[in-house]
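K.L.:
The structure is given below, and queries will be raised subsequently.
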Amino acid sequence: MALYPVALEGEIPVGTNIVVEIEGRSIGVYNVNGEYFAIHNYCPHQGAEICKGPVCGTNMESEVYQFIYGRDQEIVRCPWHGWEFDLKTGKSLFSDKVRVRSYPMQIQDGQLFITVGK
Amino acid sequence: MNQEEKLPVIDCDVHNGFRSNHDLFPYLDDTWKSQALLRGGGLPLGGGLPYASPIGNKRKDANPPSGLPVGADPDYMIKQLIEPFNVEYAILCSDSMIAVSSFADADYAAAMCRAYNDYLIAEWLPKSPTFKGLLCIATQDPIQAAREIDRIAPHPDIVGVSIIGGSRMPYGQRFFHPIYEACQRNDMPLVIHPGAEGSGIFNPPTAVGYVSNYLEWHSCLPQTYMAHLVSFVCEGVFEKYPDFKVVLSEGGVTWLPPLLWRLDKNFKALRASTPWLKRLPSEYVRDHCFMTTQPIEEPDNPKHLKMMFEMFDAENMLLFSSDYPHWDFDDPTKILKQFPLETKRKILSENARALFKL
């Protein structure tokens, strides 16, 4: 397990992200309403650079013919085929088994770190 | 007789014909009897279809010795179908009744269905313990149709609700939901049967309009079923009515797996259009839908049919049907030859026994 410094708090404003290269891997770091999350910049479907996709909300699980918009800024949508992934867990919204790889983050003294490896 | 010929058969598509155009008159009240008279009997004979099969739509060896029309003599049906093919139950679907949904007058269509259902119970179901019936409803007025389901479904020999494939709109849409609510309330599967696609007030039988002849019309029937099926799933019918079951009758079988692949793939990207779906579309189809076998597809290489069956839950979703006495009859001892005995047993009778609670 290794900690990699990726940015200072404040360098990634709410609702934005950066993409960093760590151990040859492209990783996106997102500020979701003040919390930080890191995902592999690689869609599990066909390998698109998922961090080029929009960050958005979506229609949440509902009753038939109800539309409830929510989770604003918590979803990244793949730029190619539109699959939705939960930035907080990496899980796709259609199956728990389909997920983009996510990495734990730590903040120490205003510095953001990504944990890579076990 | 080998073991397979002894397998019991539940035939999920048997057509009980009318003796004459006036069969329903004793069951119609005077308002509608006079209407029916003005319409030459008022039955949707031939389904009102703008096509005619050049070889007719009946088997040529099925004329009863009694002189009654093909399919209209219960005794001959027993002799020609029930006994030789070891039919434990025959699910009677009417011959053309459900085509009344193509009529413009919703109240006339509903009255004809009420008369037919009373006639079915009085004149067919008592003829043999093997006869079970589908009650017919007209789709123009779903509230009235739901009332008819409530009225007829409690009869012990009624096992399902029949509507036609032809429609003015896809069946998943909310306009039709009272019918599905009534089916669920009465524990009745809904059986969709083709026959009048493109006639009367219905939309054209294909997405590009009217094909020229019966050959094309019949071959394109799966188009209608594809649209209805996708609509049922995406409109959330199976979320709203979790015990509701649908049988797609006589519309082919092998088109299903590729359609579901396509639907699942699109859902992964577009699920926000249908946020009420909690599982992949194909999972709803597997749990809520059945298909009758006839007319089974006959690829040049029979192994290809087996491969198609492996691509979906065929052994649990298929229900045998012969379509007796129509021209494209399937023989239960012939169509499933390449399948293991247990698969045959399920398709020939066990799936239908569970679905229709026989």
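The values are calculated or read from the model by the stated rules, or taken from the named source; none is laboratory data. Please read all numbers here as calculations on a predicted model, not as lab measurements. With ideal geometry, Cβ positions are generated from the backbone for all residues, glycine too; neighbour counts draw on all protein chains shown. Quick note on the areas: whole protein, heavy atoms, side chains included, nothing else; ligands and nucleic acids left out. Shrake-Rupley method; radii C 1.70, N 1.55, O 1.52, S 1.80 Å.
K.L.:
For residues that are loosely packed, with under 14 Cβ neighbours inside 10 Å and at positive phi, scanning just segment A:85-111, find the one that is nearest to the other protein chains (Cβ to nearest Cβ).
P.N.:
A:110
K.L.:
Among the residues of segment B:71-98, how many are in contact with a helix residue (DSSP H, G or I) (Cβ under 9 Å, 6 or more places away or on another chain) and either on the phi > 0 side of the Ramachandran plot or outside any loop (DSSP other than H, G, I, E, B) (or both)?
P.N.:
Result for segment B:71-98: 15.
K.L.:
Can you name every residue in segment A:27-52 that is under 18 Å from residue A:91 (Cα atoms), in contact (Cβ under 8 Å) with a residue 24 or more places away in the chain and open to solvent by 10 Å² or more (accessible area, probe 1.4 Å)?
P.N.:
Across segment A:27-52, the qualifying residues are A:35, A:36, A:37, A:40, A:42, A:44, A:45, A:46, A:49, A:51, A:52.
K.L.:
Further, regarding this structure: Being closer than 30 Å to residue B:35 by Cα, hydroxyl-bearing (Ser, Thr, Tyr) and in contact with a Phe, Trp or Tyr (Cβ under 7 Å, 6 or more places away or on another chain) narrows it down to one residue among B:94, B:101; which is it? Before you say what the answer is, go through the steps one by one.
P.N.:
Details: B:101 fails: in contact with a Phe, Trp or Tyr (Cβ under 7 Å, 6 or more places away or on another chain).
Testing whether each residue is closer than 30 Å to residue B:35 by Cα, hydroxyl-bearing (Ser, Thr, Tyr) and in contact with a Phe, Trp or Tyr (Cβ under 7 Å, 6 or more places away or on another chain) leaves just B:94.
K.L.:
Hey, another quick one. Determine whether residue B:290 is closer than 25 Å to residue B:163 by Cβ, in contact with a strand residue (DSSP E or B) (Cβ under 6 Å, 6 or more places away or on another chain) and open to solvent by 10 Å² or more (accessible area, probe 1.4 Å).
P.N.:
Working: closer than 25 Å to residue B:163 by Cβ: yes; in contact with a strand residue (DSSP E or B) (Cβ under 6 Å, 6 or more places away or on another chain): yes; open to solvent by 10 Å² or more (accessible area, probe 1.4 Å): yes.
Judged against the criteria, residue B:290 is a match.
K.L.:
Next up: When the residues of segment B:237-270 are filtered to those that are open to solvent by less than 40 Å² (accessible area, probe 1.4 Å), farther than 20 Å from residue B:310 by Cβ and free of Cβ contacts under 8 Å to residues at least 60 places away in the same chain, which remaining residue is nearest to the other protein chains (Cβ to nearest Cβ)?
P.N.:
Filtering segment B:237-270 down to residues open to solvent by less than 40 Å² (accessible area, probe 1.4 Å) leaves B:237-238, B:241, B:244, B:246-257, B:259-260, B:263-264, B:267, B:269.
Restricting the remaining residues to those that are farther than 20 Å from residue B:310 by Cβ gives B:237-238, B:241, B:244, B:246-247, B:249-251, B:267, B:269.
This time we only want the ones that are free of Cβ contacts under 8 Å to residues at least 60 places away in the same chain, so: B:238, B:246, B:267, B:269.
Values: B:238: 10, B:246: 16, B:267: 6, B:269: 4 Å.
Looking at residues that are open to solvent by less than 40 Å² (accessible area, probe 1.4 Å), farther than 20 Å from residue B:310 by Cβ and free of Cβ contacts under 8 Å to residues at least 60 places away in the same chain, I get B:269.
K.L.:
Would you check which residues across segment B:286-343 are polar (S, T, N, Q) and either within 29 Å of residue B:77 (Cα to Cα) or touching an Asp or Glu at 6+ places or on another chain (Cβ under 7 Å) (or both) and list them? Explain how you work it out, then say what you get.
P.N.:
Step one: filter segment B:286-343 for residues polar (S, T, N, Q), giving B:292-294, B:301, B:316, B:321-322, B:333, B:338, B:343.
Within segment B:286-343, B:292, B:293, B:294, B:316, B:321, B:322, B:333, B:338, B:343 qualify.
K.L.:
Of the residues A:70, A:82, which is within 13 Å of chain B (Cβ to nearest Cβ), outside any loop (DSSP other than H, G, I, E, B) and surrounded by fewer than 17 Cβ atoms within 10 Å (Cβ to Cβ)? Before you say what the answer is, go through the steps one by one.
P.N.:
Details: A:82 fails: outside any loop (DSSP other than H, G, I, E, B).
Exactly one of A:70, A:82 is within 13 Å of chain B (Cβ to nearest Cβ), outside any loop (DSSP other than H, G, I, E, B) and surrounded by fewer than 17 Cβ atoms within 10 Å (Cβ to Cβ), namely A:70.
K.L.:
Within segment B:304-332, take every residue that is within 26 Å of residue B:84 (Cβ to Cβ) and of a type in the set (S, T, N, Q) and give me the one that is surrounded by the most Cβ atoms within 10 Å (Cβ to Cβ).
P.N.:
Of everything passing the filter in segment B:304-332, B:321 is surrounded by the most Cβ atoms within 10 Å (Cβ to Cβ).
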